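Scroll down for the structure; my scribbles are underneath it.
Derivation of every value follows stated rules applied to the coordinates shown; laboratory data play no part. Since the model is a prediction, treat every value here as computed from it, not as a measurement. Counting neighbours? That spans all protein chains shown, and the Cβs are built from the backbone with ideal geometry, glycine included.
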Amino acid sequence: MEKEFVANVDAKNMRLDKFLTGKLDITRSYIKTLIAGGDICVNDKVVKAGYELKEGDKILVRLPEPRITHILPEKIDIDIVYEDDDIVVINKAQGMIVHPTSSVKSGTLVNALLYHIKNLSGINGKLRPGIVHRIDKDTSGLLVVAKNDKAHLDLQKQIQEKTCKRYYLAVTYGKFREEEGEIENYLARGADKYEKFFVVPYSQGRYAKTLYKVISYFEGFSLVKFELKTGRTHQIRVHSNYLGHPIVGDKLYGRKNENFGLKGQLLHAYKLELVHPTTHKLMTFTAPLPMQFKEFLEKHNLGNVDENII
């Protein structure tokens with residue numbers, strides 16, 4: 001649901017979050033959350049909560065649909081890589097949504113988790129029980145789920161402090177000018193294309209950093225290893241496209257007329273490193289590449305991944 005406002009003379013020099021508190025039946029803290037997530041724009045630009053309004057400013061607010069209050073467990077096969085009393089590590093299949101939305105209420109990883117796992121942390125509420133971080137629907141690979149609030153908070157802190165490391169493999173178009181480097185900029189949702197994210201100036205977006213290393217190249221394609229330093233929505237997909245090397249099979253950021261019959265982008269979260277929240281031991285997990293990923297590598301002579309990655 002969208003709401004639009006125009007700042008009149010009385011709103012001049014008023015903070016954006018304060019102005020909207022008087023217009024919307026929601027708390028100021030939730031307004032700040034919406035602003036941080038790119039769901040509130042002024043004159044089609046993402047701004048800070050403390051932005052001082054000018055007369056005539058046009059404010060667009062996108063309010064998320066009401067959350068689902070009850071999620072049913074579903075007997076869906078999932079690949080549980082590891083499980084103990086505190087955490088579960090899942091190798092998520094490509095095509096599976098992590099948690100229910102207003103339009104998708106079943107068939108998600110959360111539905112499956114509720115069937116297979118007795119206890120999940122409640123920090124993220126009923127919609128996202130146990131979910132510490134997410135992976136896009138058409139991206140496959142590893143994510144960790146918390147079974148209690150203590151573990152959830154610990155893992156959340158590790159991600160924020162960048163001690164939890166997440167590595168991805170992707171096949172991209174083209175040959176990189178530099179075989180190793182970092183992408184560091186700011187991302188925000190598009191004003192017109194809300195589902196897409198774009199690189200924007202500092203004042204308009206959220207900080208994002210990705211490291212990359214080219215593993216192999218052959219006839220127009222590169223096999224690339226990415227490491228997330230932040231966890232913005234679509235981050236690797238946006239950053240790869242920003243460098244001029246979109247991920248093969250990406251229907252949103254990639255080349256529309258060349259999908260090679262793929263069911264999604266060739267992007268796989270293959271390695272996860274974390275410190276166990278109770279034992280404090282360093283744990284490393286890896287997940288094999290999906291079949292369509294392997295077949296593409298073989299067909300295009302991009303090498304044997306097992307021999308190349310660490």
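Quick notes on this one:
- Helix content alone sets the calculated 222 nm mean residue ellipticity of the chain: runs of n ≥ 4 DSSP H residues at -39500 (n - 2.57) each, divided across all residues, give -5000 deg cm²/dmol.
- Trypsin sites (Lys or Arg not before Pro) within segment 144-199, DSSP loop, no more than 16 other Cβ atoms inside 10 Å: 162, 175, 177, 193, 196
- Amide hydrogen proximity for residue 92: with H placed 1.01 Å from N in the peptide plane, the residues at 5 or more positions away or on another chain lying under 5 Å are 141, 142, 143.
- Placing unit charges on the Cβ atoms of the charged side chains and taking the dipole of the chain about its Cα centre, the candidate lying farthest along the positive direction among 76, 205, 89 is 205.
- Rounded to whole Hz, the Karplus (6.51, -1.76, 1.60) HN-Hα couplings of segment 122-137, x for glycine and proline: x, 4, 8, x, 6, 6, 10, x, x, 7, 8, 8, 10, 10, 4, 3
- Loop-located trypsin sites (Lys or Arg not before Pro) in segment 25-131, at most 11 other Cβ atoms within 10 Å (DSSP): 75, 118
- Neighbourhood net charge (9 Å Cβ-Cβ; Lys/Arg +1, Asp/Glu -1) for residue 59: +1
- The base-10 log of I(q)/I(0) for segment 144-266, evaluated at q = 0.18, 0.19 Å⁻¹, reads -1.01, -1.09 [Debye formula, identical scatterers on Cα atoms, solvent excluded].
- Restricting the calculation to alpha carbons of the chain gives Rg and Dmax of 20.8, 66 angstrom.
- Whole-number D in µm²/s for segment 54-127 (Stokes-Einstein; Kirkwood sum over Cα pairs; 20 °C, 1.002 mPa s): 149
- Where the Cα pairs of segment 79-160 fall when distances are cut into 5 Å bins, in %: 3, 16, 28, 28, 18, 6, 0
- Loop-located trypsin sites (Lys or Arg not before Pro) across segment 230-291 with a Cβ neighbour count of 10 or fewer within 10 Å are 256, 281, with loop assigned by DSSP.
- Exposure rule at most 12 other beta-carbon atoms within 10 Å, DSSP loop GluC sites (Glu not before Pro): the chain longest free segment: 56-160
- Cβ-defined net charge surrounding residue 115, 11 Å radius [Lys, Arg +1; Asp, Glu -1]: 0
- Footprinting exposure proxy for 97, 236, 135 (fewest neighbouring C-beta atoms within 10 Å first): 97, 135, 236
- Reachable lysines from residue 58, criterion Cα separation under 27 angstrom, eight or more residues apart if same chain: 3, 12, 18, 23, 32, 45, 48, 193, 196
- Amide hydrogen neighbours beyond the local backbone of residue 51, cut-off 5 Å, H modeled: 16, 17
- Structural descriptor for the chain: relative contact order 14 percent, calculated from alpha carbon pairs under 8 angstrom and at least 6 residues apart.
- If you plug the beta carbon distance of residue 251 and residue 103 into 1/(1 + (r/R0)^6) with R0 = 25 Å, you get a FRET efficiency near 0.90.
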